[in-house]
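The values are calculated or read from the model by the stated rules, or taken from the named source; none is laboratory data. The structure presented is a predicted model; accordingly, all values stated were derived computationally and were not measured. In this analysis, Cβ positions are derived from the backbone assuming ideal geometry, glycine residues included, and neighbour counts consider all displayed protein chains.
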Amino acid sequence: MEPEPVPGYSIHQTPTGDFYYVNKKTGESQWDRPPPDHTQPPQPPMPTPGGQELPVISGSVPRPFASGVEGDEGSELKFAKGAILLIIVSLFMPYVSVADGLIEATGVDIIVESIELLDYLTDIEPDELAGIGEECPYANDGVCDEPFLCETGTDGDDCGGTDSGEDSDMDIPIRYFMIIIGALMVLFSPFFFLLSGIISSLSVFLGDKIPKIMGWIHLGYFVIMFLMLAIGQTVLDSWLGAGDLSLVEFLGAGIWVGGLASIGLFYEKS
């Protein structure tokens, strides 16, 4: 009985009735049954519904059946690029708006004024500061200005006549510091947003990657700034007697656009 065929080999029989195998490629013969030769001839092209033929490449998936991951990543990069554009545009919008827009300062204005102020401060000689602080310019105005606007002991009439500053230190609410932190964050927000936009641009346009970490840091900065102003503003009720005053209302449209645009830096389709 002739043995079963083996791919890649031909079977021959001797006059004595013994079978042996011959390799079709090399011509070598052997008595033992060889392992099957899995070398397959090239497969014919795959037909398509339109009658066209697609070449079959070993180990690859035809493009029409690809998963579409690259397309999703490209669309997500579009969100990141749009967010970067909004951050840059926001710098030319009002970051601070007072009296219903009567007084406005854009992000660019804050950057320019801050640089000019820093340049002015660096030109001040130490000798020119001698004597500053000996007298409170806001003394006797009915509001205690120690120890932030004036040195301790220089506004005694408004602060209850104390010169030690111990009582005033104990009366300073934590929300006062929250207002200061929030105001400083508003001041530095144009610089931070600009830096965030530059770093994100390097990641998106040069690395083709979504700047998730920078996006979360950017959004965190904006949320913390908002909370500092929203929570800290209540201290003004007793300080200025303005219970209806909201520091959040002073935030212009630019700072909202620049802050919330960070969502596009880490947005991903589910």
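For the range 2-60, filtered to residues that are exposed (fewer than 10 other Cβ atoms within 10 Å of the Cβ) and on the phi > 0 side of the Ramachandran plot, the residue that is modelled with the lowest pLDDT is Gly59.
Within the bounds of the range 64-82, is there any residue that is among the aliphatic types (A, V, I, L, M), within 30 Å of Ala261 (Cβ to Cβ), more than 26 Å from the chain's Cα centre (by Cα) and at pLDDT below 85? Working first, answer last.
Filtering the range 64-82 for residues among the aliphatic types (A, V, I, L, M) gives 66, 69, 77, 80.
From the residues that got through so far, the ones that are within 30 Å of Ala261 (Cβ to Cβ) too are 69, 77, 80.
Within this subset, residues satisfying the condition of being more than 26 Å from the chain's Cα centre (by Cα) are none.
No, because not a single residue in the range 64-82 is among the aliphatic types (A, V, I, L, M), within 30 Å of Ala261 (Cβ to Cβ), more than 26 Å from the chain's Cα centre (by Cα) and at pLDDT below 85.
Per this entry, Asp171 is not counted among residues that are of a type in the set (Asp, Glu), over 28 Å from Phe250 (Cα atoms) and at pLDDT below 85. Screening the candidates Gly220, Gly197 for the property of being at pLDDT 90 or above, crowded, with 16+ Cβ neighbours inside 10 Å and under 26 Å from Val112 (Cα atoms) yields one hit, Gly197.
If the condition is being assigned to a loop (DSSP other than H, G, I, E, B), modelled with pLDDT of 75 or more and exposed (fewer than 15 other Cβ atoms within 10 Å of the Cβ), then the range 120-141 contributes Asp123, Pro137, Asn140, Asp141. Here Val186 meets the list (1) closer than 23 Å to Phe79 by Cβ; (2) buried (at least 16 other Cβ atoms within 10 Å of the Cβ) almost entirely, failing just condition (1).
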